[in-house]
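These notes concern the structure reproduced below.
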Amino acid sequence: MTSSEISVAVSGIPAGAQSARNRRLLQKVAAYGMTRGATEGLLALRSVLLAAMLGPAAFGTWALLRLGMRYSGLAGLGVFRGLEMELATG
């Protein structure tokens, strides 16, 4: 039995089709990685520009406000999820 026959027997997909599928997956992963990298680069540039324009005190206030906004979603401490589960079990 050749390796391509084993591949078909194991996965049920011909080796050529599996290779094309792997190539498409690799292209999607690479595109995601490049997009994510570009986004992180732009966010870093934004932070540097904001720090330069606002100054240390105002930038610190801005960062504190953003931190508060990010963590405000945790203020419920799971109460809402517990309420959903309690209502679902009735």
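Of all residues in region 49-77, those satisfying the criterion of being among the aliphatic types (A, V, I, L, M) and either outside any helix (DSSP H, G or I) or surrounded by 10 or more Cβ atoms within 10 Å (Cβ to Cβ) (or both) are Leu49, Leu50, Ala51, Leu54, Ala58, Ala63, Leu64, Leu65, Leu67, Ala75, Leu77.
State whether the residues of region 10-20 include one that is surrounded by fewer than 10 Cβ atoms within 10 Å (Cβ to Cβ) and at pLDDT 80 or above. No, the conditions are met nowhere in region 10-20. Taking the conditions exactly as written (surrounded by 10 or more Cβ atoms within 10 Å (Cβ to Cβ), basic (Lys, Arg), in a helix (DSSP H, G or I) and at pLDDT 90 or above), does Arg36 satisfy them or not? The answer is yes for Arg36. With the structure loaded, tell me whether Leu45 is surrounded by 10 or more Cβ atoms within 10 Å (Cβ to Cβ) and modelled with pLDDT of 95 or more or whether it fails that test. In short, yes.
The values are calculated or read from the model by the stated rules, or taken from the named source; none is laboratory data. Quantities reported herein were computed from a predicted structural model and do not represent experimental measurements. Cβ atoms come from the backbone with ideal geometry, glycine included; neighbour counts cover every protein chain shown.
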